[in-house]
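The structure under discussion appears below in the form of structure tokens.
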Amino acid sequence: MSSSYDSDTSGAGAAAGREVSGRLPWMLVLPAVAGLAFLVLPLAGLLVRAPWSTLLQRLAEPQMLEALRLSLLCATAATVVCVLLGVPLAWLLARVEFPGRRLARALVTVPLVLPPVVGGVALLLVLGRRGLAGQWLESAFGITLPFTTVGVVVAEAFVAMPFLVISVEGALRGADRRFEEAAATLGASRWTVFRRVTLPLVMPGVVAGAVLCWARALGEFGATITFAGNFPGTTRTMPLAVYLALETEPEAAVVLSLVLLTVSVVILAGLRDRWVNSP
Amino acid sequence: MSLDGLRSALVVHRPAFTLDITLDVAPGEVVALLGPNGAGKTTALRALAGLTPLSGGHITLDGRPLHTLAPERRPIGMVFQDYLLFPHLSALDNVAFGPRCQGVAKAEARRTAAALLERVGLADRAAAKPRELSGGQAQRVALARALAVRPRLMLLDEPLAALDAHTRLEIRSQLRRHLGDFDGATVLVTHDPLDAMVLADRLIVVEAGAVVQQGAPAEVARRPRTDYVARLVGLNLYRGLGDGARAKVGELLLHTAEQLDGPAFVAFSPTAVALYRTRPDGSPRNLWQAGIDGIERHGDNVRVHLDGPISAFADITPAALADLDLSPGERIWASVKATETHAYPA
């Protein structure tokens, strides 16, 4: 019985192999190539139109370095905030049964689909100087968030956090919960289980989520300019600088874009080899 | 009866299934829960560990209630079927994990762990990650990890099931020695009768969530009380009505070695069944005509499945099979000597 079944399946496998190695369907190949070109050509265009002769000179301009420094700083700070708040949130959504969990999970993804400008407006309404929480923050602690560097971090974290939560929650759901049970039988409290077993097991998911989160924060434009404004040195990040330069100095915009592209690709590629692709 | 050891009544309701057993284990005693897949053995073990909540009943360990405690507060050690060693920790840190959770300082926890690894013969594998360990090594690390918390109740879920035949033999005898040294109560879950016989002082057979038989391994092996147990220990088993030295099983009257009246079990080994092409001379007293339902290899012998007035297994040598020239569907004569049968009250 079983041997005839085996030979049947191997026969089917061989047939499938012949089909795949036959003529490629142009209905799929044509749009696929067009799609690839669509994604790659603009980047190639950046490289082609870059003012290579004056590149070094432009790179050394203080506004450029300032925007770059601010971008890296804010994206990193936003990622730290997202990890500190998002990992526990993902744990709560994945591990604890509570009423309204489905709703909470849906709400977490709202910033993903919300236009970033709308996110920025919403942040202003809540954390602005006349906002619900903003008024209280200012009167109680003298803290104002809008139009400050901290405001940039807040705006970026708001937009980027869903990437981290979704990634970590997926990793938590995929992790074998019986390791946590084994830890419990060894006397580990739930906090110890999380710290010493769960977190190390889902670390690849946390890192992947943090990378996505960082990349999203680095490129953030809409919520940042709405909530934090566009002040050189305090809130003008690279994307804002690019947009601004495009109106006055298109060559500078290209250089800025090139720098942003290079930083993103280098860091993502480095982390990818180290974490995301490793089993 | 003393309050020491484990005393428990475990009731767990599941959709389409209820576990309801009592389980008492003395300190130093090893009890094996034996049963087919889905009988509720692992559920019972998880209930003892607190990983599955009880629907009813109670658990007392050394006189103190256990069922009111969260899993991490129960003085238990558990060895899981696939060990569940933490993949990111070395063997040493896996074993030290329990003591660390109990608040032991890192250095001392590691000393304890190193001593335990030495005891299970793995001192040289302390730095290895679980994925670098063989199945037998991983099993021993899992045992050391469970022992490291100084449990009063040891729970082992199919501890040898994941091992290949050769490793299994060696690990089984080592496990027996370690369980012998352990002074707390031990509950072992297995579906392998050999593991149960070698490791346990007492067997509890669970089928469909209920205890169907319990006793010393030799007793269970000699006097099975259900078809499942009979198959496990390799006996033909029939329920009938005893009448002196005879028992009526279905339409057949079997002469037995023991005198017995009333509901009775009759058991005999497949090797005690003799097969004949034609009705044998001298007419042995337990003789019946049977059809051959199937023939299969069974170790070095051949197992013939018989139907007829009673269905039975007969084990014969390949040479005998060739001499008799048997094939499925044929009618033959089967007999078993009265002295080879064993009758006991049902």
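No lab work stands behind these numbers, since they all come straight from the coordinates. What you see is a predicted model; the values in this text were computed from it and never measured. Don't worry about glycine lacking a Cβ; one is built from the backbone with ideal geometry, like all the others, and counts go over all protein chains shown.
Here the Karplus relation 6.51 cos²θ - 1.76 cosθ + 1.60, evaluated at θ = phi - 60°, turns the backbone of segment B:328-345 into coupling constants of x, x, 7, 9, 9, 9, 10, 9, 9, 5, 4, 5, 8, 8, 9, 10, 8, x Hz, with x for every Gly and Pro. Choose one answer from B:Pro75, B:Pro87, B:Pro130: the residue with the largest mean-square fluctuation in a GNM of chain B with alpha-carbon springs under 10 Å. Taking springs between Cα atoms under 10 Å, the residue moving most is B:Pro87. Sparse packing (at most 10 other Cβ atoms within 10 Å of the Cβ) combined with a DSSP loop state is found for none of the trypsin sites (Lys or Arg not before Pro) in segment A:31-116.
For B:Lys106, the shell of other residues with beta-carbons less than 11 Å away shows a net charge of +1, using +1 for Lys and Arg and -1 for Asp and Glu. Remark on B:His67: its backbone amide H falls under 5 Å from those of B:Ile59, a criterion applied only to residues 5 or more positions apart or on other chains, H modelled at 1.01 Å from N.
Once the mean 1/r over all distinct Cα pairs of segment A:43-152 is inverted, what Kirkwood radius in angstroms do you read off? Intermediate results must be reported in sequence, preceding the final value.
Working: mean 1/r = 0.0562 Å⁻¹.
With all distinct Cα pairs of segment A:43-152 included, I get 17.8 Å.
Rounded to the nearest whole Hz, the Karplus-based 3J(HN,Hα) values (6.51 cos²θ - 1.76 cosθ + 1.60, θ = phi - 60°) of segment B:20-34 follow the sequence 8, 9, 10, 9, 10, 9, 7, x, x, 8, 10, 10, 9, 8, 10, with x at glycine and proline.
Counting charges near A:Phe163 (Lys, Arg +1; Asp, Glu -1) among other residues having Cβ under 12 Å from its Cβ returns a value of -2. Each listed q (0.14, 0.18 Å⁻¹) maps to a log10 I(q)/I(0) for segment B:7-161, found by the Debye formula over equal Cα scatterers with no solvent: -0.73, -1.09.
Can you give the relative contact order of chain A as a percent, counting alpha carbon pairs under 8 Å and 6+ residues apart? Relative contact order for chain A comes out at 26 percent. Taking B:Gly35, B:Gly63, B:Gly299 in turn, the Gaussian network model of chain B (Cα-Cα springs below 10 Å) assigns the largest fluctuation to B:Gly299.
Once the dipole of segment B:236-345 is set up with Lys and Arg at +1 and Asp and Glu at -1 on Cβ about the Cα centre, which of B:Leu253, B:Leu306, B:Ser335 lies farthest towards its positive end? Farthest towards the positive pole: B:Leu253. Taking Lys and Arg as +1 and Asp and Glu as -1, the other residues whose beta-carbon sits under 12 Å from that of B:Arg64 total +2. The residues B:Lys106, B:Lys129, when put in order of fewest to most other Cβ atoms within 10 Å, stand as B:Lys106, B:Lys129. Would you kindly give the portion of the calculated P(r) for the protein assembly as shown that falls above 36 Å, as a percent of all Cα pairs? So the portion of pairs separated by more than 36 Å is 61 percent.
Amide H contacts under 5 Å for B:Ala346: B:Ala264, B:Phe265, restricted to partners 5 or more places along the chain or on a different chain, H placed in the peptide plane at 1.01 Å from N. Considering chain A as a Gaussian network with a 10 Å cut-off on Cα pairs, which listed residue, A:Leu199, A:Leu212, A:Leu41, attains the greatest mean-square fluctuation? Of the options given, A:Leu41 has the highest mean-square fluctuation.
Among complete DSSP H helices in chain A, those whose alpha-carbon atoms stretch at least 20 Å along the helix's long axis and whose mean Kyte-Doolittle hydropathy reaches 1.6 are A:26-49, A:199-218, A:250-271. Segment B:198-272: which GluC sites (Glu not before Pro) are DSSP loop and have at most 16 other beta-carbon atoms within 10 angstrom? Within segment B:198-272, the qualifying GluC sites (Glu not before Pro) (loop, at most 16 other Cβ atoms within 10 Å) are B:Glu251. With contributions of -39500 (n - 2.57) from each DSSP H run of at least four residues, the per-residue ellipticity at 222 nm computed over chain A stands at -24500 deg cm²/dmol. Sorted from longest to shortest, the spans of the Cα atoms of chain B along the three principal axes equal 80, 42, 36 Å.
Can you give the relative contact order of segment B:236-345 as a percent, counting alpha carbon pairs under 8 Å and 6+ residues apart? Once divided by the residue count of segment B:236-345, the mean separation gives 34 percent.
In percent, what relative contact order does chain B have, based on Cα pairs under 8 Å that are 6 or more apart in sequence?
16 percent
Taking every DSSP helix (H) stretch of at least 4 residues in chain B, weighting each as -39,500 (n - 2.57) and dividing the sum by the residue count yields a mean residue ellipticity at 222 nm of -7500 deg cm²/dmol. Derived scalar couplings between HN and Hα for segment B:216-223 equal 5, x, 5, 5, 5, 5, 7, 10 Hz in order, rounded to whole Hz, by the Karplus curve 6.51 cos²θ - 1.76 cosθ + 1.60 (θ = phi - 60°), x for Gly and Pro.
Residues whose amide H falls under 5 Å from that of B:Leu260, counting only those 5 or more places apart or on a different chain, are B:Asp243, B:Gly244, B:Ala245, B:Arg246, with hydrogens built in the peptide plane. Our note on the geometry: Cα centres of segment A:149-213 and segment B:298-328, 61 Å apart.
Kirkwood Rh, segment B:214-339, all Cα pairs: how many Å?
15.1 Å
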